[in-house]
1. Residue check: is Y403 surrounded by 12 or more Cβ atoms within 10 Å (Cβ to Cβ) and more than 30 Å from E428 (Cβ to Cβ)?
2. Of the residues K313, K326, which is touching a residue at least 40 places away in the same chain (Cβ under 8 Å), more than 55 Å from the chain's Cα centre (by Cα) and more than 27 Å from K409 (Cβ to Cβ)?
3. Check N161, N127 and return the single one that is part of a helix (DSSP H, G or I) and either loosely packed, with under 10 Cβ neighbours inside 10 Å or modelled with pLDDT under 80 (or both).
4. If T372 satisfies all but one of (1) surrounded by fewer than 18 Cβ atoms within 10 Å (Cβ to Cβ); (2) within 47 Å of the chain's Cα centre (by Cα); (3) within 30 Å of E311 (Cα to Cα); (4) of a type in the set (V, I, T), what's the number of the condition it fails?
5. Among (1) under 23 Å from I444 (Cβ atoms); (2) within 54 Å of the chain's Cα centre (by Cα), which single condition is H308 missing?
6. Need a quick list: helices (runs of 4 or more DSSP H) entirely within segment 356-441 having at least 1 residues that are free of Cβ contacts under 8 Å to residues at least 60 places away in the same chain and either touching an Asp or Glu at 6+ places or on another chain (Cβ under 8 Å) or on the phi > 0 side of the Ramachandran plot (or both).
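The values are calculated or read from the model by the stated rules, or taken from the named source; none is laboratory data. Since the structure is predicted, the reported quantities are computational estimates derived from the model, not experimental observations. For neighbour counting, all protein chains shown are included, and Cβ atoms are generated from backbone atoms with ideal geometry for every residue, glycine included.
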Amino acid sequence: MANLEIRVADSSNQTEARRMGCYENAFQLAGRSYTLAREMDMLPIINDAAHVLMIAYNKLGDYRNGMKWAMIFIDTQDSMYREDKIRAIQDMNTKYETEKKQQQIELQESQIIARDAKIKQQKTFKNSLLGGLGAIAIIVFLTSYAYVQKRRDNKRIREKNTQISEANEELKQLNEEITVQKEEIETQRDHLFNQNEAITASINYAQRIQSAILPPETYINELLDEVFILFKPRDIVSGDFYWIKQLNQYVIVVAADCTGHGVPGAFMSMLGMSFLTEIVQRREITQANQVLNEMRHQIKHSLRQHGHPDETKDGIDMALCVIDEKTRMMQYAGANNPLYIIKESNGEPELNEIKADRMPLGYYSGKDKPFTNHEINLEIGDTFYLFSDGFVDQKGGDENKKYLSKNFKRLLLEIHEQPMYDQQKILEKKLADWMGTIPQVDDILVIGVRV
């Protein structure tokens with residue numbers, strides 16, 4: 001761009017100089033243009049400057065310098081002509097080469113297209129061939145696999161048939177053995193059934209004996225105006241028992257729980273009732289704690305309990321009350337079983353628990369101590385309860401837990417004003433609802449007496 005500006009400016013200066021006839025200025029302007037053009041190797045400007053200087057010198061009559069610049073003018077004209085020719089030739093060569101290369105490129109592109117088409121055709125053929133070969137290979141493989149698999153299946157079937165035949169033979173032998181065993185089991189079952197019938201008959205007979213020994217309801221109602229007895233053995237016979245007797249002005253009420261239940265418990269209960277009859281009726285002992293002391297002595301003596309490791313550990317838990325009908329004074333002594341008594345206090349019912357001594361009638365790992373004698377003044381309307389642990393230990397409810405003493409106390413407070421018969425029915429229903437489908441875990445005994 002700078003070269004172009006120099007050329008245009010200098011050419012304008014030279015033209016203006018010729019128009020004005022100021023040849024002196026033409027020397028200066030043309031000389032400067034020539035010098036700059038030479039430095040920049042710009043032939044057209046050199047040629048114009050030489051032409052101006054040639055004319056200027058000729059006009060001034062300086063033909064020598066005019067000739068000099070004429071020669072320069074002619075040389076630059078030749079050079080420019082040669083350059084134009086060379087450039088034209090070069091342009092023609094360039095165009096020729098360009099067209100040639102374009103033709104080569106087009107030829108190569110057509111060759112590439114043809115080659116790509118051929119490659120694509122070959123690839124398609126190759127893929128088709130490979131696909132066909134693959135399909136044939138798959139068919140051959142599947143056919144071979146099916147053949148091999150069929151042979152394996154046939155072999156497996158033959159083996160299975162052999163195994164089944166052997167198993168059938170074994171089953172046949174087992175069936176014969178089972179038939180023999182079944183006959184033996186049926187024989188044993190019949191024998192056990194007969195034995196069970198005999199044992200059940202014996203237990204039922206023992207239950208009738210136990211029921212006969214227990215005080216009858218008519219006798220109890222003669223001694224106590226308002227009373228109920230909830231007695232629910234876990235089995236046919238019971239390890240719990242109750243005993244009610246009158247000796248002179250004293251009415252003795254006992255609720256007892258022997259070790260175990262069923263037949264073993266029933267034996268202990270009969271032993272306990274026999275000892276009570278001996279101690280109270282025959283020996284006429286009516287002090288509550290003394291009765292328990294004697295009971296413990298009799299049981300340990302009868303069962304030969306001397307503290308040896310291999311001897312029986314059976315015993316009896318008992319709550320015993322002695323009621324003086326003349327003074328309404330009641331004595332209570334307990335071996336593990338407490339007494340609940342409900343009295344009016346400031347117009348409100350209040351349940352008092354008279355705790356038992358924590359030792360049984362029988363073997364005890366600790367040192368034997370005399371049982372404690374408690375005395376309670378009874379008033380009209382007082383209600384007291386003696387019981388075994390069967391009710392409070394019965395499992396049931398949504399969480400299959402024990403009923404517990406706190407719930408038993410709450411229940412007694414709720415129902416204590418009801419007639420005694422109704423109290424028994426309420427307790428039975430509450431127990432049944434609590435148990436649901438859960439089996440009874442122990443013998444159950446509850447005695448309620450209202451003064």
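1. Numbers: surrounded by 12 or more Cβ atoms within 10 Å (Cβ to Cβ): yes; more than 30 Å from E428 (Cβ to Cβ): no.
Here the answer is no, as Y403 does not meet what is asked.
2. Just a single option satisfies the conditions, and that option is K326.
3. None of the others qualify; the one that does is N127.
4. In the conditions (1) surrounded by fewer than 18 Cβ atoms within 10 Å (Cβ to Cβ); (2) within 47 Å of the chain's Cα centre (by Cα); (3) within 30 Å of E311 (Cα to Cα); (4) of a type in the set (V, I, T), T372 misses (2) alone.
5. (1)
6. Filter on segment 356-441 gives 390-393, 405-415.
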